[in-house]
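Accompanying notes for the structure given below.
The values are calculated or read from the model by the stated rules, or taken from the named source; none is laboratory data. Worth saying up front: this structure is predicted, and the values here are computed from it rather than measured. A quick note on method: Cβ atoms are made from the backbone with ideal geometry, for glycine too, and the neighbour counts reach across all protein chains shown.
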Amino acid sequence: MSSLLKKIPSQARLNQAKELSAAVFGHTWNPACKRNGSKILRQELKGPQISKYYGVNEELPTFKDFKKWFPELKLVDPREEYRLKMVQDRKKRNKGAPKKKSE
């Protein structure tokens, strides 16, 4: 009987037991210890928490809303005007966005 207790299971048999254990308890089986995204995928999503912290922004009217509500006023957004001016300046200095590929 002592000879049965001293017999050590083979490495293949141990790996088989570990794989079965992982399947039973819902763990990932990664015998080669390769990097995978399981650590990141197990974490909770951050998006809902962040959106709750900042709240709903649809309540405040934006400049686009005013422009849509009052088209007769012909409102001009100063930020958009500045952005367009900067884009033009960059294009003059050949620092603009590259031309899109045409097919």
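Given the options 21, 38, name the one that is at pLDDT 85 or above, among the small types (Gly, Ala, Ser) and on the phi < 0 side of the Ramachandran plot.
When all the criteria are applied, what remains is 21.
Inside segment 24-82, can you point out the residues that are charged (D, E, K, R) and either exposed (fewer than 10 other Cβ atoms within 10 Å of the Cβ) or closer than 29 Å to residue 14 by Cβ (or both)?
The answer is 34, 35, 39, 42, 44, 46, 52, 58, 59, 72, 74, 79.
Pairs under 8 Å by beta carbon, first residue within 19 Å of residue 38 (Cβ to Cβ) in segment 14-26, partner polar (S, T, N, Q) and not in a helix (DSSP H, G or I), six or more apart or different chains?
So the pair list comes out as 22/28.
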